[in-house]
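The values are calculated or read from the model by the stated rules, or taken from the named source; none is laboratory data. Everything numeric in this text was worked out from a predicted model, so none of it was measured. Counting neighbours? That spans all protein chains shown, and the Cβs are built from the backbone with ideal geometry, glycine included. For the accessible areas, the whole protein counts, side chains as well, though only heavy atoms, and no ligand, DNA or RNA atoms are used. Shrake-Rupley method; radii C 1.70, N 1.55, O 1.52, S 1.80 Å.
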Amino acid sequence: MYCYRVPRRPLTPAEVDFGARVGAALRERRRSLGISGGDLAVASNVSLDAIRSIESGRVGSPGLWVASRLATALSLSLDTLSRDAMDEAGRDTR
């Protein structure tokens, strides 16, 4: 069986910005719950390196599976996470 890589289109600046806001919202929620990055990694089955990359904005757009795992571990729905990220954008412009 052959595995072909499907090329991904480059992310738009708006998508990269939204990904950074998602990371900031996840970091804010994690800190408000008093959960360490390592504890979140164990609870979500997402590597600590990936969590750090998402929270710092180095990942332009976290994948749905990863975002869902992190949100669930932080007792958030994806809708709430998205809303929190949009609220983060509103705080940046005020």
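Brief remarks on what is shown
- Computed in the context of the full set of protein chains, the accessible area of the chain at 1.4 Å probe radius has 54% of its extent on carbon or sulfur.
- Rounded, prolate or oblate (a/c below 1.5 giving rounded, otherwise prolate when a/b exceeds b/c) for the range 7-84 by Cα gyration tensor: prolate
- Dipole size of the chain about its Cα centre, with +1 on Lys/Arg Cβ and -1 on Asp/Glu Cβ: approximately 180 debye, rounded to the nearest 20.
- Table column - 3J(HN,Hα) (Hz), the range 7-21, Karplus curve with 6.51, -1.76, 1.60, x for Gly and Pro: x, 9, 6, x, 6, 6, x, 5, 5, 5, 5, 5, x, 5, 5
- Surface accessible to a 1.4 Å probe, per residue, for the residues of the chain, Å²: 68 Å²
- Remark: spin-label model distance residue 56-residue 8 equals 1.8 nm, labels positioned 7 Å along the Cα→Cβ axis.
- Contact order relative to length of the chain, as percent, for alpha carbon pairs under 8 angstrom and 6 or more apart: 37 percent
- Hz values of 3J(HN,Hα) by residue in the range 29-40 - Karplus curve (6.51, -1.76, 1.60), Gly and Pro given as x: 5, 4, 5, 5, 8, x, 9, 6, x, x, 5, 5
- The phi torsions of the range 55-68, fed into the Karplus equation with coefficients 6.51, -1.76 and 1.60 and a -60° offset, translate into couplings of 5, 7, x, 6, 9, x, 7, x, x, 4, 4, 5, 4, 5 Hz, rounded to whole numbers, with Gly and Pro shown as x.
- Extended-chain gain in nm, criterion 0.36 nm per residue less alpha-carbon gap, residue 65 and residue 48: 4.6 nm
- Counting only heavy atoms of the protein chains and using a 1.4 Å probe, residue 69 has close to 90 Å² of accessible surface.
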